Every structure is written in C-alpha cells, then in structure tokens.
Amino acid sequence: MQWVVFVFYGCTHNKKLSVQISDLPLGKAKRHLSGYFCRSMSFQPRFNLVEELRWRGMLHDLTPDVEQLLLREQVSGYVGFDPTADSLHIGNLVPIMLLVHLQKAGHTPLALVGGATGMVGDPSGKSEERKLLQEETINHNLNCQRKQLERFLDFSGANAALVVNNYDWFKEFSFLGFIREVGKHITISYMMGKDSVRNRLENTGMSFTEFSYQLVQGYDFYHLYQHHRCKLQMGGSDQWGNITTGTELIRRMAGGEAYAITAPLITKSDGSKFGKSEGGNVWLDPARTSPYKFYQFWLNQSDEDAARYIRIYTLLEKERIEALEAEHQEAKHLRLLQKELAAQVTTMVHGAEELQQALQATEILFGNSSREALLTIDPNLLLQVMEGVPLFQIPKEKLNAGINILELTAVDTQVFPSKGEARKMIQAGGFSINKEKLSDEQALIDSSHLLHGKFLLAQRGKKNYYLIVAE
C-alpha cells in the first residue's frame with residue numbers, strides 16, 4: 001500500500017491556499033483532495049455571512065480567518081441545544097437564527113440536541129449548579145425540541161440541515177476510554193482558565209460533573225469535525241470557552257483547524273435580561289405561551305428595542321428595515337416597527353394562521369368591535385387572551401332568572417367596589433357587556449347574554465376588562 005503527503009498551492013479570493021494531507025492511502029488522499037477542491041473552488045456563497053451577522057447586531061466574537069473560510073468553501077456549522085425543558089424559548093432564537101443565516105448563505109447547518117450533555121449540565125453563565133434531569137425526561141425534552149427545530153431549517157437540497165444527538169456517540173464511550181483518549185489532550189490549567197470555570201470557583205464552587213462539561217462539548221465538535229466535516233461552531237458569547245475547547249481538541253487530536261462565531265447576549269435597552277415576560281419565559285410551544293401572548297410580547301417592545309430586535313429576530317432585508325424605521329419616525333404612535341416585528345416573528349414560530357388569529361383577537365377585544373365579532377373568537381383563545389385579567393365565577397342557574405346589572409357587577413362580582421360606583425359609570429356610558437354599552441342601571445343580564453354559553457366580558461372604561469364565567 002502506498003502512502004503519500006500532498007501539498008497543494010492555489011489561489012482563492014486572492015489568498016494563497018495550502019492543504020496538507022498525510023498518513024492517508026494514495027487513493028483515499030486523492031478522493032479527499034478531489035472532494036475538497038470540488039467544494040472550495042466551485043462554491044460561491046449567496047452572501048457574506050459575517051457581514052450579514054455584523055449589520056444585524058448578531059456578531060460578538062469570531063476566530064481568525066473564519067470569514068475567509070466561509071467565502072471560499074461550503075462549511076458545515078453547528079449549534080448545540082441542551083434539553084433542560086420540553087420546549088425551546090425565545091432565548092434560543094438567536095442561536096436558531098445563526099443556523100438559519102448559515103443555511104441561507106449556502107452552508108450546511110447542524111442542530112445538535114444534547115442527549116449526553118443534558119445529563120451533565122452546562123455551567124456557562126450560571127451562578128449555581130443545574131439540577132440533573134432523569135434520562136426519561138431528557139429524552140422527552142429532546143423529542144419536543146427536535147420537532148421545534150425542524151420548523152426553522154430546510155432539510156432538503158445540497159445543503160440540507162441535519163439534527164444530531166450527541167448521546168449517539170457518547171452512549172458506548174466508557175469513562176476510562178474518554179479520559180484516556182480525550183482528557184489527556186487538554187490540561188487542567190487550560191480548563192481552569194475559562195471564565196465559566198473561574199467565575200464559579202471564585203463564588204459557589206463547581207462539581208467535577210460540571211467541570212468536565214467543556215471537555216464533553218469539545219468532543220462533540222471533534223466528533224462532528226471527523227464525521228460531518230464540521231469546521232464551525234456557533235453560539236452565544238457565554239459559550240466561547242466551551243467552543244474554543246472544541247477547536248483546541250480538533251487541533252490536538254486531528255491536526256485540523258476549526259472555527260468559532262458567537263453572538264452577543266441580548267438585553268433590553270434598560271440593561272435588563274431579554275427573553276422573559278412578567279409571567280416568566282416566553283416559550284415557542286403554543287401550549288406554554290399562546291400565539292396571542294407571543295405576538296403581544298413582541299408588540300409591547302420599546303421603540304429602541306424594536307429597532308434592534310427586528311434585525312436580529314427576522315429575515316427582513318436591510319433596505320426594508322431602514323424604510324420601516326423611517327416610516328416609524330414619521331408616526332411613532334402607530335408602532336409600525338413593533339407591529340412588523342411581532343408579525344414576522346409570530347409567523348416564523350407559529351405560522352400565518354396563528355398570526356391572523358392573534359391579530360383578530362387583538363382587534364376584536366381592544367378595537368371598536370361588536371358582540372357578533374366577539375362570538376367569532378374561539379373560547380380557548382378567549383381564555384388565553386383574558387389570562388391575567390380579573391376573573392369571577394357565578395352559578396349559571398342564577399343567570400337563568402336574570403340578574404340586575406348593579407347586583408351582578410357590585411355584589412355577585414367585584415367589577416365595581418359598590419353599586420354607587422357601578423351606577424355612576426353606567427350612567428356616564430363607560431361600561432359595556434360583551435362590547436355592548438349599557439346605559440340602563442335597571443338592565444337584567446341573563447343566560448342569553450353568555451358568549452359560547454359560558455362567558456360575559458365586562459369592560460370598565462377603555463382598558464379595564466373582567467371575565468365572568470357562569471358554571
């Protein structure tokens with residue numbers, strides 16, 4: 001058997017390109033070189049990915065020469081997702097968008113779901129150790145997240161996306177095998193130098209389990225490099241230490257070169273953490289955060305934040321965004337930026353039909369609509385929209401005979417603190433039931449007024465809503 005070392009010099013984008021392949025059989029080396037130069041010399045990216053991320057405000061740091069790599073050859077790049085819950089949330093949208101832009105530029109995205117790393121727990125950016133999840137819970141979470149990731153990426157074509165699970169290559173890896181084959185390549189001092197480790201050791205301390213996480217994630221990168229020609233890992237800026245451990249492993253174990261791109265951690269204009277509402281995380285699963293609430297979350301962003309987020313969380317072109325900003329400046333009260341941001345992200349995550357339902361519910365409930373329009377809202381959507389507003393329950397039998405409006409709103413419920421307050425508001429024309437104004441304080445409300453045979457929507461003034469449920 002013949003063995004050969006090839007050294008090839010060519011010119012790509014005005015830069016000298018050097019490739020060295022050693023310790024390969026002659027035939028395999030030729031095939032490898034043929035495939036390499038087929039990918040590199042014929043590849044033309046659809047756009048400069050680094051420049052795209054830069055103008056969108058999605059670029060925090062990158063390793064040297066990664067921009068040139070992405071311009072000269074089709075690259076496989078990955079982002080990892082840990083299965084800490086059965087749904088991704090909007091904090092995961094930035095790494096998802098990194099994969100989306102990578103694919104749109106003509107490269108190949110790999111989404112790694114952490115069946116193995118999820119059993120360890122990533123200490124990056126955490127002040128205390130994560131609670132370890134049971135294997136059954138992890139598997140359930142993985143399946144749910146995989147389905148969500150498949151919504152954003154294209155799994156067909158020359159640069160088809162791929163979802164991989166690191167448990168597939170770790171499940172047969174023994175502890176002794178790992179520390180012998182992998183652990184010997186990275187020194188303790190190297191691992192101790194990472195910010196995620198140093199910060200924890202200076203405060204609450206760190207278990208060996210979490211200390212080993214960067215080595216486990218680093219091996220993921222090495223495995224994908226070896227089996228999927230993956231040369232790029234992307235993630236949030238808090239992942240830089242873990243990612244560069246992977247590039248170092250690839251250099252030491254395979255003699256190869258790998259690259260990193262990180263995005264900034266997103267904050268609000270006031271410096272607070274982005275990604276949570278008053279009720280907690282904003283989830284991508286509609287069962288956890290309804291499409292209506294999801295839409296409202298984006299709609300309620302400030303002008304300053306909306307201008308940044310529309311670049312990060314949508315695929316709108318730069319010219320379109322700048323035109324929107326100019327329109328917004330002319331009439332800020334119309335909130336054009338926020339409406340377009342909310343529409344784009346809701347459609348991307350939930351679909352056009354769910355967006356239309358959210359828009360319809362917004363217009364019917366908070367616009368000038370009628371009882372007939374209110375009846376078109378699905379009862380489940382009505383409950384979702386009204387979540388958080390004061391809710392009162394009354395026996396349905398009581399409504400059958402009819403209840404005086406003053407009794408209903410000031411005695412059976414606490415829509416008003418007293419009958420006097422109720423009378424005053426009704427006489428002033430500031431009160432409505434099911435979008436119909438009431439001006440008669442002697443009016444009777446009975447079961448014929450119920451929406452879907454169950455609900456009464458009371459409104460005091462312009463913004464105070466109350467849901468009365470008859471059961």
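Side notes on the structure shown:
- Just one of the listed residues (109, 123) is in contact with a helix residue (DSSP H, G or I) (Cβ under 9 Å, 6 or more places away or on another chain), buried (at least 19 other Cβ atoms within 10 Å of the Cβ), modelled with pLDDT under 95 and outside any helix (DSSP H, G or I), and it is 123.
- In the range 68-86, of all residues being at pLDDT 95 or above and in a loop (DSSP other than H, G, I, E, B), the one that is nearest to the chain's Cα centre (by Cα) corresponds to 75.
- Condition met for residue 185 (on the phi < 0 side of the Ramachandran plot and modelled with pLDDT of 90 or more): no
- Candidates 261, 364 - the one that is surrounded by 19 or more Cβ atoms within 10 Å (Cβ to Cβ), touching a strand residue (DSSP E or B) at 6+ places or on another chain (Cβ under 9 Å) and more than 26 Å from residue 143 (Cα to Cα): 261
- Counting the residues of the range 138-164 that are out of contact with any Gly (no Cβ under 8 Å at 6 or more places or on another chain) and either outside any helix (DSSP H, G or I) or free of Cβ contacts under 8 Å to residues at least 12 places away in the same chain (or both) gives 16.
- Of all residues in the range 165-210, those being farther than 25 Å from residue 236 by Cα, surrounded by fewer than 13 Cβ atoms within 10 Å (Cβ to Cβ) and without any contact (Cβ under 8 Å) to a residue 12 or more places away in the chain number 8.
- Members of the range 412-437 that are among the polar types (S, T, N, Q) and over 20 Å from residue 371 (Cα atoms): 413, 414, 418, 427
- The set of residues in the range 87-106 being under 26 Å from residue 43 (Cα atoms) and outside any helix (DSSP H, G or I) consists of 105, 106.
- In this entry, residue 415 is excluded by the filter for residues that are out of contact with any Leu (no Cβ under 9 Å at 6 or more places or on another chain), in the same structural domain as residue 398 (by TED's automatic domain parsing), surrounded by 12 or more Cβ atoms within 10 Å (Cβ to Cβ) and not hydroxyl-bearing (Ser, Thr, Tyr).
- For the range 254-269, taking the residues that are touching a His at 6+ places or on another chain (Cβ under 9 Å) and part of a loop (DSSP other than H, G, I, E, B), the one that is modelled with the lowest pLDDT is identified as 265.
- Search result, residues across the range 180-213 that are polar (S, T, N, Q), assigned to a loop (DSSP other than H, G, I, E, B) and within 30 Å of the chain's Cα centre (by Cα): 203, 204, 207, 212
- Any pair with Cβ under 7 angstrom, 6 or more apart, that starts in the range 362-385 at a residue that is within 23 Å of residue 300 (Cβ to Cβ) and ends at one that is aliphatic (A, V, I, L, M) and part of a loop (DSSP other than H, G, I, E, B): 364/377
- The one condition in (1) crowded, with 21+ Cβ neighbours inside 10 Å; (2) more than 20 Å from residue 99 (Cβ to Cβ) that residue 243 fails to fulfil: (2)
- Matching residues in the range 263-288 - criterion: being among the polar types (S, T, N, Q) and touching a residue at least 12 places away in the same chain (Cβ under 8 Å): 269, 277, 281
- Every residue from the range 220-239 that is part of a helix (DSSP H, G or I), within 24 Å of residue 73 (Cβ to Cβ) and of a type outside the set (S, T, N, Q): 220, 221, 222, 223, 224, 225, 227, 228
- Enumeration of residues in the range 357-392 that are among the aliphatic types (A, V, I, L, M), over 22 Å from residue 461 (Cβ atoms) and in a loop (DSSP other than H, G, I, E, B): 375
- Looking across the range 292-322 at every residue that is assigned to a helix (DSSP H, G or I) and more than 24 Å from residue 98 (Cβ to Cβ), the one that is farthest from the chain's Cα centre (by Cα) is identified as 303.
The values are calculated or read from the model by the stated rules, or taken from the named source; none is laboratory data. What you see is a predicted model, and the numbers here were worked out from it, not measured in a lab. We place every Cβ from the backbone using ideal geometry, glycine too, and count neighbours over all the protein chains shown.
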